[in-house]
């Protein structure tokens, strides 16, 4: 009857949790789950041990039953705690917390949980405290020498968390390597980047300690930079065109006039008089930047044509000497 009661309580908790999803984020819910399931394991263990004594089973030892029961309890506790940590991480992300920090804290909590459980139940699996200390000393040195690349990636991942050159969701690129895309995951050993052609790129964390990483995702403005060439025949109207373009940019809602804004006649080219246009948009979103840039270029075309001028094309003047007879 006790086994049946535990099963019914466990099923009832799970059914109630599906009806009230916020309950699964509660520590009390997971503690109840751990209590009910561990009680069920202990009751089943007790019945099996009683059956072994009563029926004189030779092929099942009481010690083995104890070991399996403890193993089941450890797995139940670890699973429920990991589920709780996952749900707390999801809850923090939904509240707008930093996704990178939430995932890193979640992984640290899971690692801490695993270590604490091994320390608490290690004796039951034949792992003594002195053995763990010895393993952490001599064995740790051996593992460190054998897996230096793994450890390098692990500690580099930790430094990525503290230095924060990028977060999950940032657009990153490296001038040193052919790396460019959006960061989707920062793991213990690898960082996953989705390139702009939607290919997954897995980069070992240690690579980021030896290369230059550019984070365009953290830019404050996007730049518009171009040169327009006018004909030499329109030289007397260059000053008016420059002033009109500068005024247009200063009054444009998408251009940040508090940043560097340059419109200057700056070059006598072979077949054109060049005007430099240099400014920054308020938005950093690529699609919006393209729309603002297009609007600025079209207005420049209107200004040039409004003054009766034309854009220069590559040209060459040939002079023929007339021979006298």
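With Cα atoms defining each centre, region 167-200 and region 238-262 are spaced 36 Å apart in the structure. Label-to-label distance for residue 192 and residue 248 is 4.7 nm, based on points extended 7 Å past Cα in the beta-carbon direction. Here the relative contact order of region 150-217, from alpha carbon pairs under 8 Å that lie six or more residues apart, stands at 36 percent.
Projected onto their three principal axes, the Cα atoms of region 219-306 cover extents of 39, 23, 22 Å, largest first.
Contact order for region 175-325, expressed relative to its length and based on alpha carbon pairs under 8 Å spaced 6+ residues apart, stands at 22 percent. Annotation: extensible slack from residue 111 through residue 93 equals 4.5 nm (criterion: 0.36 nm per residue apart, minus Cα-Cα distance). Label sites at residue 288 and residue 159, each approximated as a point 7 angstrom past Cα along Cα to Cβ, lie 3.6 nm apart.
If the Kirkwood radius is taken over C-alpha pairs of region 150-217, then at 25 °C and 0.890 mPa s the Stokes-Einstein diffusion coefficient equals 210 µm²/s. Express the relative contact order of region 219-306 as a whole percentage, based on alpha carbon pairs under 8 Å and six or more residues apart in sequence. After rounding, I find 39 percent.
Values in this text are rule-based calculations from the coordinates and carry no lab data. These numbers were taken from a predicted model, which means no experiment stands behind them. When we count neighbours, we look across all protein chains shown, and the Cβ atoms used for this are built from the backbone with ideal geometry, even at glycine.
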